[in-house]
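Only one structure is covered here, and it is reproduced in the block below.
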């Protein structure tokens, strides 16, 4: 069955060009010209991916993404935007986006990213840890529902937070580099920057460490990367 992609883009020539090339790759494509129309189409249909421009009339892409996530929608979202600062990328991921591509973009790169998103969905859906609810110390993370219980009690994680945590848990006790995390969670090791990984690690520490400045579970291995220790240990 063909993967179905919703393209939400107000620049008609970009939307039509994307549709033409995605259809040539074997995908089914539906186009929406603004944020409100995109939300309506998402609510009425079933999509495997949303390609979402941030600078949209009426309701911008970040707001569309937050609305979809608030309505428990888990459809992967690839942002398109003219904004290319680290803080803009982080804002997109925090809103619930899965990837972030700056305009003007290389069409081949976009197609590779679309394929990478679908590969990541397969990896995330595998039962590599033999459980949907991963327990460590007094905490747990449910990879299916995106719910977790951390230092501040029960909460909902973003998909990226869940994916990074799953990768760390799969490699518990091992040192993993930032490039390894980028390759597993974003599907390539050149974008976004390693600083984005660091920002997510900081967020996970705030959620799961009793004292984030002196972590017991997620340690920085200077010059190497990170190590997750489920049983906990003093800050290295």
Review point. Any residue in the stretch 175-188 that is modelled with pLDDT of 90 or more, in a strand (DSSP E or B) and surrounded by 14 or more Cβ atoms within 10 Å (Cβ to Cβ)?
Key: yes
Review point. Of the residues that make up the stretch 144-155, is at least one part of a helix (DSSP H, G or I) and either farther than 27 Å from residue 25 by Cβ or in contact with a strand residue (DSSP E or B) (Cβ under 9 Å, 6 or more places away or on another chain) (or both)?
Key: no
Review point. If you check 113, 119, which single one turns out to be touching a strand residue (DSSP E or B) at 6+ places or on another chain (Cβ under 7 Å), in the same structural domain as residue 65 (by TED's automatic domain parsing), modelled with pLDDT of 85 or more and within 13 Å of residue 184 (Cα to Cα)?
Key: 113
Point to revise | Checklist (1) closer than 25 Å to residue 183 by Cβ; (2) in contact (Cβ under 8 Å) with a residue 12 or more places away in the chain applied to residue 222, failing item | key: (2)
Check your understanding: Restricting the stretch 121-134 to residues that are in contact with a helix residue (DSSP H, G or I) (Cβ under 8 Å, 6 or more places away or on another chain) and part of a helix (DSSP H, G or I), which is farthest from residue 201 (Cα to Cα)?
Key -> 123
Check your understanding: Does residue 111 meet the test of being crowded, with 16+ Cβ neighbours inside 10 Å and free of Cβ contacts under 8 Å to residues at least 24 places away in the same chain?
Key -> no
Point to revise | Residue satisfying condition, being surrounded by 16 or more Cβ atoms within 10 Å (Cβ to Cβ) and either outside the structural domain of residue 78 (by TED's automatic domain parsing) or touching a helix residue (DSSP H, G or I) at 6+ places or on another chain (Cβ under 7 Å) (or both), within set 137, 169 | key: 169
Point to revise | Residues of the stretch 35-59 satisfying the condition of being in contact with a strand residue (DSSP E or B) (Cβ under 9 Å, 6 or more places away or on another chain) and under 18 Å from residue 92 (Cα atoms) | key: 35, 38, 39, 49, 50, 51, 52, 53, 54, 55, 56
Practice item. Could you tell me whether the stretch 79-94 includes any residue that is buried (at least 19 other Cβ atoms within 10 Å of the Cβ), at pLDDT 90 or above and not in a strand (DSSP E or B)? Key: no
Exercise for review: Tell me which residues, restricted to the stretch 122-145, are modelled with pLDDT of 90 or more and within 14 Å of the chain's Cα centre (by Cα).
Suggested key: 143
Exercise for review: Kindly check whether there is at least one residue in the stretch 100-110 that is assigned to a helix (DSSP H, G or I), outside the structural domain of residue 198 (by TED's automatic domain parsing) and modelled with pLDDT of 95 or more.
Suggested key: no
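The values are calculated or read from the model by the stated rules, or taken from the named source; none is laboratory data. Remember, predicted model here, so these are calculated numbers, not experimental data. Ideal geometry is used to build each Cβ from the backbone, glycine not excepted, and the neighbour counts take in all protein chains shown.
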